[in-house]
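**Student:** Following this message is one structure expressed as structure tokens.
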Amino acid sequence: MSGVPAYRIVLASGSPRRRDIMTSMGLEFTVITSGVDETLHDYDGASDFTVQVARRKALAVARSEPEALVVGCDTVVSLDGRIFVKPDSEQDAARTLRELSGRTHHVTTGVVVAHGATGRCHGRSATTAVTMRAFGDEEIAAYVASGEPLDKAGSYAIQGAGGALVDRIDGEYDTVVGLPVSVLTDLLREFGDPGSVVPGVRPPAVS
């Protein structure tokens, strides 16, 4: 890929978890939050929901950063056909946690990479099954009072104190945190060889 200019990368999210994941990948990037409305009324399941919202975020930032690769992400929890986004109150967070207690739900994260100058936009999602141990109202109240659930899809943070509520996961941990590494790596490859086109990407390990 010699002669192909390196892209600048922009993360269209203020999430510190997503920043940490991209940093751990060896990516060099800047952060510009999109500020878009994340409400959707027309979607076909969690995968479609998250990719639609991630695309909305990526394209909003790509309009002002047309030469960059803009990464948009969205994460939701689903259970029994219902989608749980971030709670709108402590009461809402407590209700969600009561529904998740002792059951297996799914966490889906959609990722979209957009390039404004060419109009190219690629996205896909990943899903991880998460089984919660059973917990009662007293534990829920203490966790909600900590404030951690209030800006998290599904009202818990697996990488924080909410990890103590989880019994097991089946799938990629980073999907639950909010940015599946395998998906982002594949999407960046669609714009060229990450090792030569995207600055800062670590080359694959040689086994």
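The values are calculated or read from the model by the stated rules, or taken from the named source; none is laboratory data. What you are looking at is a predicted structure, and each value in this text was computed from that prediction instead of being measured. So basically every Cβ, Gly included, is an ideal-geometry build from the backbone, and we count neighbours across all protein chains shown. What goes into the accessible areas is simple: the full protein's heavy atoms, side chains included, and nothing from ligands, DNA or RNA. Shrake-Rupley method; radii C 1.70, N 1.55, O 1.52, S 1.80 Å.
**Student:** On the given criteria, is Leu27 more than 15 Å from the chain's Cα centre (by Cα), open to solvent by less than 60 Å² (accessible area, probe 1.4 Å), more than 17 Å from Ala68 (Cβ to Cβ) and of a type in the set (A, V, I, L, M)?
**Tutor:** no
**Student:** Any chance you could count how many residues in segment 79-105 are under 23 Å from Glu139 (Cα atoms), open to solvent by 80 Å² or more (accessible area, probe 1.4 Å) and under 21 Å from the mean Cα position of the chain (by Cα)?
**Tutor:** Residues that pass the stated criteria total 2.
**Student:** For segment 1-19, which positions are of a type outside the set (S, T, N, Q), modelled with pLDDT of 90 or more and surrounded by 15 or more Cβ atoms within 10 Å (Cβ to Cβ)?
**Tutor:** Result: Arg8, Ile9, Val10, Leu11, Ala12, Arg17, Arg18, Arg19.
**Student:** Given the conditions (1) open to solvent by less than 40 Å² (accessible area, probe 1.4 Å); (2) within 15 Å of Gly110 (Cβ to Cβ); (3) in contact with a strand residue (DSSP E or B) (Cβ under 7 Å, 6 or more places away or on another chain), and given that Met22 satisfies all but one, which numbered condition is not satisfied?
**Tutor:** Checking Met22 against (1) open to solvent by less than 40 Å² (accessible area, probe 1.4 Å); (2) within 15 Å of Gly110 (Cβ to Cβ); (3) in contact with a strand residue (DSSP E or B) (Cβ under 7 Å, 6 or more places away or on another chain), the one that fails is (2).
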